[in-house]
1. Do we have residue 128 as within 13 Å of the ligand (Cβ to nearest atom), crowded, with 21+ Cβ neighbours inside 10 Å and closer than 14 Å to residue 154 by Cα here?
2. Considering only residues of region 131-163 that are touching a Lys or Arg at 6+ places or on another chain (Cβ under 7 Å) and more than 14 Å from residue 76 (Cα to Cα), which is farthest from the ligand (Cβ to nearest atom)?
3. Consider residue 84 carefully, then state whether it is at pLDDT below 95 and out of contact with any strand residue (DSSP E or B) (no Cβ under 6 Å at 6 or more places or on another chain).
4. Report, by residue number, each residue of region 84-123 that is more than 16 Å from the ligand (Cβ to nearest atom), not small (Gly, Ala, Ser) and not in a helix (DSSP H, G or I).
5. Just the residues that are assigned to a helix (DSSP H, G or I), away from the ligand (no atom under 16 Å from the Cβ) and within 15 Å of residue 115 (Cβ to Cβ), please, taken from region 44-64.
6. Please identify the pairs in which a residue from region 134-153 that is assigned to a helix (DSSP H, G or I) has its Cβ atom under 7 Å from the Cβ atom of a residue that is basic (Lys, Arg) and more than 13 Å from the ligand (Cβ to nearest atom), counting only partners at least 6 apart or on another chain.
7. When you check residue 75 against the structure, is it over 26 Å from residue 109 (Cβ atoms) and more than 10 Å from the ligand (Cβ to nearest atom), yes or no?
8. Exactly one of these conditions fails for residue 72: (1) under 20 Å from residue 156 (Cα atoms); (2) surrounded by 22 or more Cβ atoms within 10 Å (Cβ to Cβ). Give me its number.
Amino acid sequence: MKAVKKQSNSNKGEQEFEKLYHTLLKGIFHTEQAILKALPEMRTHATTQELQEAFEDHEIVTRKQIMRLERIFKTLNIDAKSEKCEIMDTYSKMVQKLLRETKDHSMVRDAGLIVIAQQIEHYEIATYGGLLQFALALNDHKSASLLEESLEEEEQTDMDLTEIAERDINLESAEEEEEEEDDDQEDANDKNDADHKNEGSPYRTDYSGNPADTEDSEKVKKNQKNFEERTATGSPTLKSSAKGAAAISKNKAK
Ligand SMILES: [Fe+2]
C-alpha cells in the first residue's frame, strides 16, 4: 500500500513538472513572437549598419526559433498556444524611453539598444537553458536538441552584440563626445540648460575634460572594476557580455 502511495506521489510530481515545462514553453513562445514584433523598430532606430544588420539577422533567427517551438508542441501533442509573458512589455517600454531620451542617429542610442537587446538575450538564454534541463529530465530528447539549437543561437547573438559594442560603438562614441564638448563650450553662457541636459541622464557622456566630473569618472572606474570582478567566474556568455558592457563604460570613463 505504501509503495503504491509513493508511486502515486511520484507520478503527481512528474505531472506537475511536465505541466510547468509546458507553461514555460508557452511563455517563451509568447516572448519570441513579441521579439519578432519589436525587432523592426529597433532596426529602424539603430545608427550603425552593423547593428541594423544584427537586428535583421535576429529576425530570421527568431522566426526559426518560433518554428522550432511549434515542432516541440507538435511532438508533445499540445496546442501551440502562447502564454502571456510580461517581460517583453517591460523591454518595449525601455526601448520607447531610450528613443525619447537619445538623439536620432547617435552612437549613444546604439549603445542603449545593444544593452537592452543583450538583456533580452540573457532572459532567453536563461529560459532556453532551463527548458533544456526540463526536456532532459523528462527524457524528451527530440525537444532537447531543438531547444539546444535555439540556446546556441541566443548565445551567438549575445556574443555578436558584444563584438559590435566593442568594434563599432566605442570609437565613434568618443568622436560624438568630442562634438558634445564643443557644443558645451558654445553654450557656456546657458549654464542652466547645460545642467538640465546632464542631470540624471543614464546616458551621460561628458565624463572627461571637466574637473567637476573627476569624481564621476572615479566612480565609473570603480564600478567597472567591481563589475568585472563579479563576472570573472561566470559562464562564457556572461563573461562575453560583461566585456561588452565594460567596453561601453570604459569609453565613458575616458
Ligand atoms: Fe529568440
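The values are calculated or read from the model by the stated rules, or taken from the named source; none is laboratory data. Values in this document were obtained by computation on a predicted structure and should not be read as measured data. Because the Cβ atoms are built from the backbone with ideal geometry, glycine has one as well, and the counts that use them run over all protein chains shown.
1. yes
2. Of everything passing the filter in region 131-163, 162 is farthest from the ligand (Cβ to nearest atom).
3. Yes; evaluated as a whole, the condition is true for this residue.
4. The answer is 84, 86, 102, 103, 104, 105.
5. 45, 51
6. 146/71
7. When the stated conditions are applied, residue 75 passes them.
8. Going through the list (1) under 20 Å from residue 156 (Cα atoms); (2) surrounded by 22 or more Cβ atoms within 10 Å (Cβ to Cβ), residue 72 breaks only (1).
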